[in-house]
Structure formats: structure tokens, C-alpha cells
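The values are calculated or read from the model by the stated rules, or taken from the named source; none is laboratory data. Since we're looking at a predicted model, the values are computed, not measured. Neighbour counts are summed over all protein chains in view; Cβ atoms, including those assigned to glycine, are modelled from backbone coordinates with ideal geometry. For the accessible areas, the whole protein counts, side chains as well, though only heavy atoms, and no ligand, DNA or RNA atoms are used. Shrake-Rupley method; radii C 1.70, N 1.55, O 1.52, S 1.80 Å.
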Amino acid sequence: GDDASAAAQFRLAADLHGQCQENAAAVNNRALAFSYLYLATGEPAHFDEYVNLMVRAEALNPGNSILMTNTASALVQRAVLDMARTEVDVVALRPWGDVGFLSNLHGGAEEHAGLAARFRAHADLRGAIERLQKALVVMPRNADCYERLLSIHSFLDDQAAVESLVKRIEEADLDLAGDLARTLALFQGTRDEELVRTLKSNLARKERVLAAARAKGGATLAAACTDVVDARMSLDVFGEACDEEALVALAEEGYRARASSSTRGSYIHALALRGSARVAAAVPALAELRKAS
């Protein structure tokens, strides 16, 4: 939680990597230092430097599939941040820039259509899609590439692109070993302690962001509320104590600050969790089932 000290270390790391002989690995590492510096400061300029350095690293080793997909991800994230900064305080929120964040910026079909049109026209997004499509040729069994493209095409409501992607998935022999292993570990509970520790750390950071966002109000507050609600509900899945009344109140606060697809979904999920808890309190058999699950 000591962002100032972290920022100082990441600046030093970026400087040290900048002193190395320029090659793809050194530039890639310097890019990563700037990405973490952004998380510590929230300054969009640091994120821009991260993306620009990723593009440079890719240019130094063209055809490298890892650099190709990493650069694509960075470009998507910057496109999302560009969309977000017109409505929210990105310095206060420090969003990482996944496509899902855009659900904070629209509350219905008309708003979504306008946002999707601007997103589709963004030069960074076009560059990201081009790289991901090339990556599918280089490594057709990589499920991550399909997942990233699917999130983009789904948000853009590009049904033809989604159908084309689904056809390619059906023809590909996807390498799902890693995904299956992680899912199995989740169901077996072998990683619960590690995951709960990470979730609690994330929640603590998001609650600090929420405190700062309350001074901003509007969409910034709404997005921060949703982040905290989602983080608390994630911990509930692992059996951690959850104050359902406080959860619903926070979700409602976010929805009133800015009615969006994100805050609406968060509010519905919080109400459903509170309803489930109330029924479980009245029906012992259901309470046991809920505890076991």
C-alpha cells in the first residue's frame, strides 16, 4: 500500500533497464517497469510510455509471438483508457484497461452503440486486432488469443467476427492444459489460501481507491463502488465473512452515482446475494448447502 515508495523503485528499475544495451528483452522489461509505475501513480503518461516501449520491443524482434500478443494487450488497454478518461478520473481509479471496464461508461443500447463506434475507430484497437489475428496464425492452439479477440468483438457487437472466431476455435485443437489445471485446483481448494490472500490485498487497494473516489463523485465513484462490491463478493465465494446489507448499500451508492451496465449488474448481484443469505437464515438445510458450496 505504500505507492510512493513503490513508484520510486519502479522509476529506478525503468532507468536501469534504459541503461542496458537496447534489445527486445531490455526494452520489454523497461516497458513492464513503466506499467507498474502507472499502477503506483495513476499517471496516464506512464501508461503511454509502457505501450510505446512495448511497440518498440516488438519492432526489435518482429514475429515473436509473445511480444506480439503483449503489445496487442497494451494497445487494447490504452484504447480503453482513452475512452475512459473522458468520463472518469483515471488517476484516481488507475484502471488497468481491460475491455470489461467499458461497461462503466454506458447504461443502455444507445450509449453502448456510440461508445462501441468510437472504440472501433481507435487506432490502438485496430493495431491490437491486427496483431492478435497474426498471432492466431503463428500459434493457433493458444486459447488466450481467441479469448482476447472474443472480448473485443463481443463488446463491438460484431456478430460476423464472433461467428468467424467460433468457427476457428472449433477447427483448432486448443491447448487447454493450463486452464484445466487451474480450474481443477480451484475446485479442489489447493490454492484457496493463496487466492484469498491476493483477493484481500486487492480489496484493500480498491477500498483506498473508493475513499479517494468519493471526493470525485459521478462515474468515478460508481466504478470504484462496483470494484469494491465485486471484490467483496469474490471473497464471499471462499467463505469469507460478508456484510450483505453493507454490500447492497454500496452497490446502490454506485448505481445512484452513475447508472451503467456495470453498476446495474453489481446492484443485481448484491441484491441476489443478500436474498440468498436471508433465505438461508430461515431455512437451515439451505444454509448448510450454501456453506458446503
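Simple rule: put +1 on each Lys or Arg Cβ and -1 on each Asp or Glu Cβ in the chain, find the dipole, and look at Thr190, Val237, Gly1; the Cα lying farthest toward the positive end is Gly1.
What FRET efficiency would be calculated for the residue pair Ile169, Asn61, taking the C-beta separation as r and a Förster radius of 45 Å, to the nearest 0.05? In this case the efficiency is close to 0.95.
Computed 3J(HN,Hα) for region 176-181, one whole-Hz value per residue from the Karplus formula 6.51 cos²θ - 1.76 cosθ + 1.60 where θ = phi - 60°, is 10, 4, x, 5, 5, 5, glycine and proline marked x. The charge dipole of the chain, taken about the Cα centre with unit charges on the Cβ atoms of Lys, Arg (+1) and Asp, Glu (-1), comes to about 240 debye, rounded to the nearest 20. A straight Cα-to-Cα reach below 23 Å connects Lys206 with the lysines Lys216, residues fewer than 8 places away in its own chain not being considered.
Carbon-plus-sulfur accessible fraction, region 88-173 (probe radius 1.4 Å, protein heavy atoms only): 53%.
The loop-placed GluC sites (Glu not before Pro) in region 151-240, going by DSSP, that have at most 15 neighbouring Cβ atoms within 10 Å of their Cβ come out as Glu240.
Extension gain, Glu43-Ala211: 0.36 nm per intervening residue step, less the Cα-Cα distance, totals 58.6 nm. Remark: the Cα gyration tensor places region 1-116 in the oblate category, a/c being 1.5 or greater and a/b not exceeding b/c. A straight Cα-to-Cα reach below 30 Å connects Lys167 with the lysines Lys134, residues fewer than 8 places away in its own chain not being considered. Using the 1.4 Å probe convention, the accessible area of the chain works out to 52 Å² per residue with neighbouring protein chains retained.
Computed from the C-alpha gyration tensor, the three semi-axes of the ellipsoid equivalent to the chain are 33, 24, 22 Å, from longest to shortest.
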